[in-house]
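Peer 1: Quick one: the structure is below, and I'll ask about it shortly.
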Amino acid sequence: MSELDPQEYTFDLSGGVLCLDFANTVSERGGEQATEHLQRFGNLISWGRQTSVLDQRQAEELARASARHPRAAATARQRAIRLREAIYRLFAAEAGGRQPRAEDLAALNSALSESLPRLQLRRRASRFEWGWLDQPQALDRILWPLACSAAELLASGELPAVRECAAATCGWLFMDRSRNHSRRWCDMKVCGNRNKARRHYQRSRAAL
């Protein structure tokens, strides 16, 4: 029997890059009622499986390990949230033309220094590829590819394409890969349509 949550939350993965999808595990950052989607360690496992950071076997092993060590799992969840917030602030600062905070970069570098020793080359079929050590008891294993994803994006030529949603209360981050680099919303069907409806309402009120 699987220990995974049969009614797990389905995460929105519209960020375009792993680290941005993780930063977006909080909804309505700019509003008065921000919603935390990593309320327990099981949510972290669900996110890892939905993004393919974990396969089914790894997710189930991690669920069993967290059930055996609930306090350690709670600590790992808190570490994940701290890293997420540092990642969010780093990219939000870049997207907004602000100077990133030194402590956020230090937090990412600290996570990176713990992650890189777990990265190794392995041979699959006829080629070599990067992979992570298979350590099913490591409750912080989801943080390893996250730290690398954030570092790679920060040091890449794609950094100027990072955007923060223009909706006042959203705060989600995404990659603007549109042809003319004019994308403003994390999801046109959600924040874009809300903004259109709000402008329509304001024009209708002004016409009265």
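Peer 1: Tell me, what is the FRET efficiency for Gln99 and Ser126 to the nearest 0.05, using R0 = 35 angstrom and their Cβ-Cβ distance as r? Walk me through the numbers before you get to the answer.
Peer 2: Working: r = 46 Å, r/R0 = 1.33.
That pair, Gln99 with Ser126, gives E of 0.15.
Peer 1: Which helices count as membrane-span-like in the chain under these terms: full DSSP H, at least 27 Å along the axis by C-alpha, Kyte-Doolittle mean of -1.0 or more?
Peer 2: 70-95
Peer 1: Something else: For Ala167, what residues show an amide H to amide H distance below 5 Å, using hydrogens built from the backbone and excluding near sequence neighbours?
Peer 2: Cys186
Peer 1: Considering only Ser27, Leu133, Ala150, whose Cα is most displaced toward the positive end of the charge dipole of the chain, charges sitting on Cβ of Lys, Arg (+1) and Asp, Glu (-1)?
Peer 2: Farthest towards the positive pole: Ser27.
Peer 1: About its Cα centre, what dipole magnitude does segment 18-207 give when the only charges are +1 on Lys and Arg Cβ and -1 on Asp and Glu Cβ, stated in debye to the nearest 20?
Peer 2: On the way: 32 positive and 20 negative charges, 133 e Å.
The calculated dipole for segment 18-207 is roughly 640 debye.
Peer 1: Let me see the pair-distance distribution of the chain: every alpha carbon pair, 5 Å bin width, integer percents in order.
Peer 2: For the chain, the pair-distance distribution reads 1, 7, 13, 17, 18, 15, 12, 8, 4, 2, 1, 1, 0, 0, 0.
Peer 1: Further, regarding this structure: How do the peptides 135-144, 176-185 rank, highest first, by the average count of neighbouring beta carbon atoms within 10 Å per residue?
Peer 2: 135-144, 176-185
Peer 1: In nanometres, what is the gap between the two model label sites at Ala74 and Asp187, each 7 Å from Cα along Cα-to-Cβ?
Peer 2: Here the answer is 3.2 nm between the modelled labels.
Peer 1: While we're looking at this one, here's another question. Please work out the FRET efficiency for the pair Ser27 and Asp176, using the Cβ-Cβ distance as r and a Förster radius of 25 Å; give the result to the nearest 0.05. It would help to have the intermediate numbers written out before the result.
Peer 2: Details: r = 20 Å, r/R0 = 0.81.
Approximately 0.80, to the nearest 0.05.
The numbers here are math on the coordinates, done by the rules we state, and not lab data. Everything numeric here is computed off the predicted structure, so don't read it as measured data. Cβ: placed from backbone, ideal geometry, glycine included. Neighbour counts: every protein chain shown.
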